[in-house]
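**Q** Below: one structure in structure tokens.
No lab work stands behind these numbers, since they all come straight from the coordinates. Quick caveat: nothing in here was measured; it's all calculated off a predicted structure. Every residue, glycine among them, receives a Cβ derived from its backbone with ideal geometry; neighbour counts consider all protein chains shown.
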Amino acid sequence: MSNDLGQSGITLLVGFLTTAVFMAICLRISISQKKLTVVDTAWGLGFVVIAAAAAFTATGGDGDPNAGRLLLVMVGLWGLRLAWHLHSRNARLPEDPRYAELAARSTGSFGQIALRKVFLPQGISMWIVATPVMVGANNEDILWWLAGPGLAVWAIGLFFEAIGDRQLAQFKNDPSNKGKLMDQGLWRYTRHPNYFGDACVWWGIWLVAASSWAGLATIIGPIAMTFFLTRVTGAALNEKGMKKSKPGYDEYVRKTSGFIPRPPKK
């Protein structure tokens, strides 16, 4: 379990600078469109950019280039799908009510609000979550007894997130479901299959990165992602709005798991 710590430090620095430049570009696009939901597309795409920078930077060290390539593929498949899904959904909709509320209760110009309240905190969060990718890219070998289960957890997560998003999109696109609560498919077993899948993806990525002691120490990445999804911008914020807009949501909460899938309570 070895890792070039000096090279990992360089990769973390390159990742930080890459994140800053990428989010600055996305901030500019957001200001030009006067739309904060641009950051939703930037979230998934930003991780892909960081993973690509890490894989490229790591090739200059002594690590196994396959480590960075494997992590890039894992992040790429997840991030590109998520970015495309959110861009396709948001492009035809007005500003997300959550962002509209945030802007309404904040002071300053649109650009100042976008920077302070959205792009800066999400950029910092992105860099923290991506630490397994940046450090793991410098691993000198891949321990398949860890990477194998990691790939399995990642695949389960990608399945839950992709299928959950697709089922919800199909449900919303059916006019007969207008005003109704989505409690079918994967949504019957967890109120947030997409967020559960997201967390699994990053725990799987961390297991692949954990082929070194330095990679093992980046457990802060999946912990941070899980915390964001369950306590900050994910499930908690989503459910706050659902309780106001969806009749019967309290009953759905009583019988359906909030995160980890399980059979509904009778």
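**Q** Rounded to whole Hz and in sequence order, give me ³J(HN,Hα) for the stretch 17-26 from the Karplus expression 6.51 cos²θ - 1.76 cosθ + 1.60, θ = phi - 60°, writing x for Gly and Pro.
**A** So the J values, rounded to whole Hz, are 5, 4, 4, 4, 5, 4, 5, 5, 5, 5.
**Q** Which of these, V21, V135, V153, has the largest mean-square fluctuation under a Gaussian network model of the chain (Cα springs below 10 Å)?
**A** V21
**Q** I've got another one for you. Give me the Å³ per residue figure for the convex hull around the C-alpha atoms of the chain.
**A** In the chain, the Cα hull volume divided by residue count equals 119 Å³.
**Q** Considering only the other residues whose Cβ falls under 12 Å of the Cβ of W154, what net charge follows from Lys and Arg at +1 and Asp and Glu at -1?
**A** Working: positive: none; negative: E161, D198.
Result for the local shell: -2.
**Q** As I understand it, the dipole of the chain uses +1 on the Cβ of Lys and Arg and -1 on the Cβ of Asp and Glu, about the Cα centre. Which of W213, P263, F160 lies farthest toward its positive end?
**A** Toward the positive end, the furthest listed residue is P263.
**Q** Tell me, what ³J(HN,Hα) does each residue in the stretch 35-41 have, in order and in whole Hz, if you take phi through Karplus 6.51 cos²θ - 1.76 cosθ + 1.60 with θ = phi - 60° and put x for Gly and Pro?
**A** Result, rounded to whole Hz: 9, 6, 5, 4, 5, 5, 5.
**Q** For the chain, what does the helix formula give at 222 nm: sum of -39500 (n - 2.57) over DSSP H segments with n ≥ 4, over the residue count, nearest 500 deg cm²/dmol? Can you show the working numbers first?
**A** Numbers: 13 runs with 181 residues, N = 266.
Only helices count here, giving -22000 deg cm²/dmol.
**Q** What is the gain in length, in nm to one decimal, between Q112 and E251 on full extension, counting 0.36 nm per residue of separation less the C-alpha to C-alpha distance?
**A** Extra length from Q112 to E251 when fully extended: 46.0 nm.
**Q** While we're on this one: Using Cβ contacts closer than 10 Å as the measure, can you line up Y249, Y195 from fewest to most?
**A** Lowest count first: Y249, Y195.
**Q** Just need the relative contact order of the chain here, percent rounded to a whole number, with Cα pairs under 8 Å and 6+ apart.
**A** 23 percent
**Q** From the residues G179, W203, P97, which one has its Cα farthest along the dipole of the chain in the positive direction, the dipole being from +1 and -1 charges on Cβ of Lys/Arg and Asp/Glu about the Cα centre?
**A** The Cα lying farthest towards the positive end belongs to G179.
**Q** Of the residues G150, G111, G79, which exhibits the maximal mean-square fluctuation in a Gaussian network model of the chain defined by a 10 Å Cα contact cut-off?
**A** Result for the chain, Cα springs under 10 Å: G111 fluctuates most.
**Q** Need the full-extension length gain, A152 to L120, defined as separation in residues times 0.36 nm minus the C-alpha distance. One decimal, nm.
**A** In short, 8.2 nm is gained.
**Q** Listing R81, R254 from the residue with the fewest other Cβ atoms within 10 Å to the one with the most, what is the order? Can you show the working numbers first?
**A** Details: R81 15, R254 9.
Result, fewest neighbours first: R254, R81.
**Q** Separate question: Eight or more residues apart or on different chains, and alpha-carbon atoms under 17 Å: count the Lys pairs in the chain matching that.
**A** 16
**Q** Let me ask something additional. May I ask for the angle, rounded to the nearest 10°, between helix 65-90 and the longest principal axis of the chain, with both axes built from Cα atoms and the value confined to 0 to 90°?
**A** Helix 65-90 sits roughly 20 degrees off the main axis of the chain.
**Q** Tell me, what ³J(HN,Hα) does each residue in the stretch 115-120 have, in order and in whole Hz, if you take phi through Karplus 6.51 cos²θ - 1.76 cosθ + 1.60 with θ = phi - 60° and put x for Gly and Pro?
**A** Rounded to whole hertz, the list is 5, 6, 8, 10, 6, 5.
**Q** Can you tell me the dipole magnitude for the chain around its Cα centre, using point charges on the Cβ only (Lys, Arg +1; Asp, Glu -1), in Debye to the nearest 20?
**A** Numbers: 27 positive and 17 negative charges, 329 e Å.
Here the size comes out at about 1580 debye.
**Q** Please give the length that would be gained between W213 and A20 if that part of the chain were fully extended, namely 0.36 nm times their separation in residues minus their C-alpha to C-alpha distance (nm, one decimal).
**A** This chain segment gains 66.8 nm when fully extended.
**Q** A follow-up question, please. Using modelled backbone amide H atoms (1.01 Å from N, in-plane), which distant-in-sequence or interchain residues come within less than 5 Å of T37's amide H?
**A** D96
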